[in-house]
Amino acid sequence: MSETAQHNSVDASVAHPGTIEPRADFGDVRAEFQALVSSSGVYVRRVRAKIALTGSDRVRWLNGMVTNNIRDLEPGRGVYAFLLNPQGHILGDLYAYNRGESLLVDTDQAQVEKILAVFDKYIIMDDVEVANISDQWSAIGITGLKSREALQAAGFGVPELKPLQCVEITWQQTSVTLVRGDSSQVESFELWLAPGDTERVYEALTKAGAKPVGTRVLELLRIAAGIPRYGVDIRERDLPQETEQERALNFSKGCYVGQEIVERIRSRGQVRRKFTGFEIAGQLPAGGSKIQVEGKEVGEITSAASLPTAAGERRLALGYIRREVAIPGKQVEAGGSAATVANLPFPEMFK
């Protein structure tokens with residue numbers, strides 16, 4: 001690993017001139033949630049880290065490190081992937097983008113040191129340079145049915161983009177990378193830009209009609225969409241197929257760290273448990289609460305939230321359950337509350 005990668009670690013609490021600090025909420029969680037679902041909500045993403053990979057071996061090397069196909073990734077396109085240990089357990093998750101002269105890895109700030117350490121371990125004689133460039137970038141997210149309209153009203157040219165496709169644009173003499181999100185439930189975009197331009201772009205989007213939303217509501221949206229979060233719903237003890245995140249896996253790309261275990265699971269048909277959703281009819285269970293059927297433990301809750309939908313509060317949870325009882329509509333008990341197994345994403349949350 002280069003000296004830049006070793007010493008350019010970013011403290012997420014460090015602010016840059018012109019940046020805006022995320023807030024938990026803006027006083028009306030119900031309105032903020034509805035903006036994300038049916039209109040447009042704008043937010044600052046300070047929890048994401050950016051890692052640049054350069055060098056002539058970067059594509060071959062990263063392709064041998066993660067579960068998805070980097071080798072055939074076209075410029076301007078990205079994929080979601082897992083980083084595994086040799087036993088097939090998940091060390092982290094990330095998005096990887098082909099930026100032409102470099103690869104860009106986007107991950108949670110909480111994972112960056114671990115991922116850098118794993119990268120450093122596996123770069124031996126490879127021509128690969130790794131640099132944590134998080135302090136060079138800020139990110140603004142905008143989500144909702146009218147997010148594209150809000151971007152256009154603020155003066156951004158928004159071309160037709162496929163999920164995880166990014167394009168360089170210029171807005172009022174400011175260079176911005178526009179990235180389309182990969183949620184199939186609600187359209188979303190991110191704007192990657194220099195930290196000093198954050199406030200100006202954020203204000204332009206709010207003036208164009210996007211509602212400021214906080215981190216609390218983003219967590220509610222994540223649960224509603226059934227998206228697992230590493231460190232909460234995905235842990236190092238979990239296997240890729242247990243998470244139900246098939247979008248992270250490519251079975252024809254060739255060898256990578258942990259690939260033998262992933263392929264063995266695929267060839268044998270399935271794993272014993274799966275990640276799924278639960279409708280809660282009582283007090284919300286805490287993370288780690290056991291799921292039981294007739295007094296027998298069959299799983300655990302990893303996330304739970306009460307969502308302020310237009311039709312009223314809905315108590316939802318995410319977690320793992322044994323496959324033989326993972327039947328939508330199946331009645332179970334979760335942390336002492338009655339619960340019903342549900343498909344992900346939760347039905348009717350985005351209608």
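The values are calculated or read from the model by the stated rules, or taken from the named source; none is laboratory data. Keep in mind that this is a model prediction, so the values were computed, not measured. No Cβ is skipped: glycine too gets one built from the backbone with ideal geometry, and neighbour counts run over all protein chains shown. Accessible surface areas use protein heavy atoms only, side chains included; no ligands, DNA or RNA. Shrake-Rupley method; radii C 1.70, N 1.55, O 1.52, S 1.80 Å.
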* **Whole-Å distance, taken between Cα centres, linking segment 194-258 and segment 50-107** => 16 Å
* Asked: Ignoring any ligand, DNA or RNA, what whole percent of the accessible area of segment 96-170 comes from carbon and sulfur when the probe is 1.4 angstrom?
  -> 52 percent
* Under 16 Å from the Q152 label point (7 Å along Cα→beta-carbon), backbone N, segment 196-227 -> 208-210
* Asked: Which of these, E263, E149, E294, has the largest mean-square fluctuation under a Gaussian network model of the chain (Cα springs below 10 Å)?
  -> E294
* To do: Over segment 235-351, average the accessible area per residue using a 1.4 Å probe and give it in Å², no decimals.
  => 50 Å²
* Asked: Amide H to amide H under 5 Å from T302: which residues, 5+ apart in sequence or cross-chain, H placed 1.01 Å off N in plane?
  -> G288, L318, G319, Y320
* Asked: Rolling a 1.4 angstrom probe over the protein heavy atoms, how many square angstrom per residue are accessible across segment 134-217?
  -> 43 Å²
* Qualifying GluC sites (Glu not before Pro) in segment 153-238, DSSP loop, other Cβ atoms within 10 Å at most 16 -> E160, E236
* Structure fact -> Dipole check, the chain, charges on Cβ (K,R +1; D,E -1), about Cα centroid: among L191, Y320, V332 the Cα furthest to the positive pole belongs to V332
* For S40, distant residues with modelled amide H under 5 Å away -> K146, K211
* Asked: In terms of the Cα gyration tensor, with a ≥ b ≥ c the square roots of its eigenvalues, is the chain rounded because a/c is under 1.5, prolate because a/b exceeds b/c, or oblate?
  -> oblate
* Asked: If amide H atoms are built 1.01 Å from N in the plane of the peptide, which residues on other chains or at least 5 residues away come under 5 Å of the amide H of L164?
  -> R180, G181, D182
* Structure fact -> With Cα springs under 10 Å, the Gaussian network model of the chain assigns the largest mean-square fluctuation among S188, S175, S252 to S252
